[in-house]
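As structure tokens, the structure follows; a few thoughts come after it.
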Amino acid sequence: MALWKPDPTFYASPRDAVNAPPEKLAYVAAFDRSAARPDAIAVLDVDPASGSYGSVVGWTDLPHTGDELHHFGWNACSSALCPYAPHPHVERRYLIVPGLRSSRIYVIDTKEQPTSPQIVKVLEAGELAERAGYSRPHTVHCGPEGLYVTALGGANGEDGPGGIALLDHTSFEVLGRWEVDRGPQRLAYDAWWHIAHDVLVTSEWGTPSMVEDGVDAELLLNRRYGHSLHFWDLRKRRHIQSVDLGDEHQMVLELRPAHDPTKQYGFVGVVVSVEDLSASVWVWHRDGGRWAAKKVITIPAEPADAAALPPVIRPFGAVPPLVTDIDLSVDDRWLYVSCWGTGELRRYDVSDPFHPVEAGSVRIGGIVNRTPHPARPDLPLSGGPQMVEVSRDGRRVYVTNSLYGSWDDQFYPDGVGAWMAKLDATPDGLTFDERFFPHDDDWRGLRPHQTRLQGGDASSDSYCYP
């Protein structure tokens, strides 16, 4: 049902979003690695004044097994206020939740029962395949004219190319393939945009056969995973330019463009360099009339006793950082970098995006260190900071520990566990909130992955006014 006034969680500018009320609930995708029981959306109480703060207070179990929930998003966000494709009377109400392995997409209503959201529609894999030619939906972004869903694979058993499917805002039906001319692009992962400049950016991971069984050492060492950025004309839906980061930089994943719509730069994380196991963060930017990318952060591997390492990295005698997620605060000042392998969350001051300055670091989990949470110093933790989400005001940072089922098993073969943590962020640094540590049985045997915050967060909205 349309609203008379715009949704109060839509913000014209990043400044408005930063000053918005804090979230009270968080929604977390949680999956069953064995595929023996359904995945779920867990609802967590994140209101410090609540008696159930830091606890899982609700569940929405899916009707099928084997989905492997991964990334998900809102049906509508602040981009609905953009003047050239306005939808000001929709509301941020539904979670659009893809199953990465099943290729199903669930539409879940959070409005009537926020702590017990209801499934209102299920798009089966066949609809995505028939209407868009894709499978393995991965990332959801709410655009002004529809929902953009990136997908890793092709339809009908074809491994690729991956790309973007467009869904209708209201009916949630698959409208079709977004690309009119994909140019040389074949591998897919994330997509985001400089919405006020009609520019879309995509990144590269791999096709389903390249990722679903874990890291393939032969593909990695032969530099076959994604190593490029792609730039598109957002309105014309045409490929403009590719920027190759160098084939030693394998798996170019999360895109975080500047929230300020007047700016044309953004950050992307690279999982690993095959030359030295380091990870890196790059800034893309305009260079005259072309796009360019520059490495601005390098995080080295940490030497380790080979006996303490899982087989996949034992021959190297070192722990790679494995930068698997990054997040940029809404004020464009702080960049958070998850080092899932070493168990470190780093923060950088990126006020000057070309010269980041490290401005805080915490450790939790890690392949070798198994650093405990301060609330349970007696409990060594597997996994590490993986998905990271930042509140609109930048004061709260949430991390979960599971990456992807097959990768969890490779890098943490003795079990990745299940936990979520919250950090309080100030200009002086990061500190763990000891009241917030849902772990182990709190997750009912499921593994937590991405978090979405009620009313929006640092990686869900696009703004059209400075």
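The values are calculated or read from the model by the stated rules, or taken from the named source; none is laboratory data. Everything numeric here is computed off the predicted structure, so don't read it as measured data. Quick reminder, even Gly has a Cβ in these numbers, built from the backbone with ideal geometry, and neighbours come from all protein chains shown. Side chains are part of the model used for accessible areas, which takes the heavy atoms of the whole protein and leaves out ligands, DNA and RNA. Shrake-Rupley method; radii C 1.70, N 1.55, O 1.52, S 1.80 Å.
Does region 224-236 contain at least one residue that is within 23 Å of the chain's Cα centre (by Cα), surrounded by 23 or more Cβ atoms within 10 Å (Cβ to Cβ), over 13 Å from Ile195 (Cα atoms) and in contact (Cβ under 8 Å) with a residue 60 or more places away in the chain? Yes. Which number in (1) open to solvent by less than 10 Å² (accessible area, probe 1.4 Å); (2) assigned to a loop (DSSP other than H, G, I, E, B) marks the one condition that Asp247 misses? Only one criterion in (1) open to solvent by less than 10 Å² (accessible area, probe 1.4 Å); (2) assigned to a loop (DSSP other than H, G, I, E, B) is unmet by Asp247, namely (1). Summed over region 53-89, the residues that are touching a strand residue (DSSP E or B) at 6+ places or on another chain (Cβ under 9 Å) and either over 21 Å from Gly445 (Cβ atoms) or of a type outside the set (S, T, N, Q) (or both) give a count of 25. Taking the conditions exactly as written (closer than 21 Å to Phe72 by Cα and either in contact (Cβ under 8 Å) with a residue 40 or more places away in the chain or crowded, with 16+ Cβ neighbours inside 10 Å (or both)), does Pro184 satisfy them or not? No.
Only a single criterion out of (1) farther than 28 Å from Asp327 by Cα; (2) in contact (Cβ under 8 Å) with a residue 40 or more places away in the chain is not satisfied by Asn156, namely (2).
Regarding Phe267, is this residue at pLDDT 95 or above and in contact with a Leu (Cβ under 7 Å, 6 or more places away or on another chain)?
Values: at pLDDT 95 or above: yes; in contact with a Leu (Cβ under 7 Å, 6 or more places away or on another chain): yes.
Yes.
Scanning region 99-127 for residues that are within 21 Å of the chain's Cα centre (by Cα), under 18 Å from Pro208 (Cβ atoms) and not in a loop (DSSP other than H, G, I, E, B) yields Gly99, Ile105. Within the bounds of region 69-80, is there any residue that is open to solvent by 20 Å² or more (accessible area, probe 1.4 Å) and either outside any loop (DSSP other than H, G, I, E, B) or within 20 Å of Pro117 (Cα to Cα) (or both)? No, region 69-80 contains no residue that is open to solvent by 20 Å² or more (accessible area, probe 1.4 Å) and either outside any loop (DSSP other than H, G, I, E, B) or within 20 Å of Pro117 (Cα to Cα) (or both).
Scanning region 191-223 for residues that are free of Cβ contacts under 8 Å to residues at least 60 places away in the same chain and part of a strand (DSSP E or B) yields Leu200, Thr202, Glu204. Condition check: under 27 Å from Cys77 (Cα atoms), within 17 Å of the chain's Cα centre (by Cα) and assigned to a strand (DSSP E or B). Does Trp282 satisfy that? The answer is yes for Trp282. Of all residues in region 314-371, those that are in a loop (DSSP other than H, G, I, E, B) and among the aromatic types (Phe, Trp, Tyr) total 2.
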